[in-house]
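Before any comments, here is the structure.
The values are calculated or read from the model by the stated rules, or taken from the named source; none is laboratory data. Source: prediction; values computed, not measured. Positions of Cβ are generated from backbone atoms using ideal geometry, with glycine treated the same way; all protein chains shown enter the neighbour counts.
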Amino acid sequence: MPEHYFQNYIPVLLMLLVIALLAGGMVALSYWLGQHRPTARKLAAYECGMTPIGDARQRFSVKFYLVAMIFILFDVEVMFLFPWAVIFRELQWFGFVEMLLFLVLVLSGFVYIWRKGVLDWTQSDTGESAGERPGEPQ
């Protein structure tokens, strides 16, 4: 590599160094000059101005996490679709077939999770319907 290759990056590195020094200096100054008087009220958890009732640790159904993961999956799919849509005419038929295969793969995954009942919220985790309770006559 030529010697002057890294000279192009010196201004960027200097800027990052100055930013890091400024940020660190501001944090250090606020620590040294600020008041340190912890009280019970300052150390308490903030609950939107309301007095907390009960324990905040609750169990959530796994379905919430599954829906979040499915959302992320399809969100990433849309991220792949946007650049393709921008240069659709330049890609010709090859790009169209590639994206069609991608969409078929993603939609087949969607049909799979639909058939497996992941999106069906009428069934509880134990297998009963949402309105049923174990041991109750229908």
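Within the stretch 79-126, restricting attention to residues that are touching a Gly at 6+ places or on another chain (Cβ under 8 Å) and not in a helix (DSSP H, G or I), the residue that is nearest to Leu66 (Cα to Cα) is Gln123.
Which of the residues spanning the stretch 3-44 are not aliphatic (A, V, I, L, M) and not in a helix (DSSP H, G or I)? Scanning the stretch 3-44 gives Gly34, Gln35, His36, Arg37, Pro38, Thr39. What tally of residues in the stretch 21-69 results from selecting those that are on the phi > 0 side of the Ramachandran plot and either hydrophobic (A, V, I, L, M, F, W, C) or modelled with pLDDT of 75 or more (or both)? Qualifying residue count for the region: 1.
Lys63 fulfils the conditions (1) of a type in the set (Lys, Arg); (2) out of contact with any Phe, Trp or Tyr (no Cβ under 7 Å at 6 or more places or on another chain); (3) closer than 30 Å to Leu119 by Cβ except for a single criterion, (2).
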